[in-house]
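Worksheet: the structure to be examined is printed underneath.
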Amino acid sequence: MSVSQVIDSTFDEEVLNHNKPVLVDFWAPWCGPCCSVAPVVDEIAQEYSDLFKVVKINTDKNPIIASKYGIRSIPSLMIFKNGSRVDMLIGAIPKSTLAATLNKYVDS
């Protein structure tokens, strides 16, 4: 499963109303740490495709959602479940940290 892009106008439908938990990568193209975490997010999207939907949102082009969720540092990775934010990770984190965090929300 590939990582899809969401925008301000599709966020509710693609994230909040989705039947699976959703990992959202808040990023921007000029952000070096965002570029370094992107391959990790892509790997997680492949490995967790049965359990999670994985999306990206460009904070420069989608300021409404970034502001709504108080994004002050990128990359910020948020996990949403049943329409609510349940966890957040900030910075270029290792895959093991992201996987351990996601695993907390499998079948919970």
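Could you pull out the residue among 25, 42 that is within 18 Å of residue 89 (Cβ to Cβ), crowded, with 21+ Cβ neighbours inside 10 Å and among the charged types (D, E, K, R)?
Working: 42 fails: crowded, with 21+ Cβ neighbours inside 10 Å.
Going through 25, 42 in turn, the sole match is 25.
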request  = With the checklist (1) surrounded by fewer than 20 Cβ atoms within 10 Å (Cβ to Cβ); (2) in contact (Cβ under 8 Å) with a residue 40 or more places away in the chain in hand, flag the one item residue 75 doesn't pass.
outcome  = (1)
query = Which of the residues spanning region 23-64 are in contact with a strand residue (DSSP E or B) (Cβ under 7 Å, 6 or more places away or on another chain) and charged (D, E, K, R)?
reply = 25, 53, 56
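Conditions (1) touching a residue at least 60 places away in the same chain (Cβ under 8 Å); (2) part of a loop (DSSP other than H, G, I, E, B); (3) over 11 Å from the mean Cα position of the chain (by Cα), marked per residue:
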| position | (1), (2), (3) |
| --- | --- |
| 24 | no, no, no |
| 29 | no, yes, yes |
| 39 | no, no, yes |
| 54 | no, no, no |
| 66 | no, no, yes |
| 88 | no, no, no |
task = Would you point out the residue of region 49-68, among those that are among the β-branched types (Val, Ile, Thr) and over 20 Å from residue 39 (Cα atoms), that is surrounded by the most Cβ atoms within 10 Å (Cβ to Cβ)?
result = 65
ask   = Only one of these conditions is not met by residue 106: (1) over 13 Å from the mean Cα position of the chain (by Cα); (2) in a strand (DSSP E or B); (3) among the aliphatic types (A, V, I, L, M). Which number is it?
value = (2)
task = Pull up region 78-96, narrow it to residues that are under 13 Å from residue 44 (Cβ atoms) and touching a Leu at 6+ places or on another chain (Cβ under 7 Å), then point me to the one that is surrounded by the fewest Cβ atoms within 10 Å (Cβ to Cβ).
result = 89
note = The condition of being in contact with a Pro (Cβ under 9 Å, 6 or more places away or on another chain) and on the phi > 0 side of the Ramachandran plot holds, among 70, 91, 83, only for 91
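Every read-out reported here was derived from the displayed coordinates using simple, explicitly stated rules and does not represent laboratory data. Worth saying up front: this structure is predicted, and the values here are computed from it rather than measured. A quick note on method: Cβ atoms are made from the backbone with ideal geometry, for glycine too, and the neighbour counts reach across all protein chains shown.
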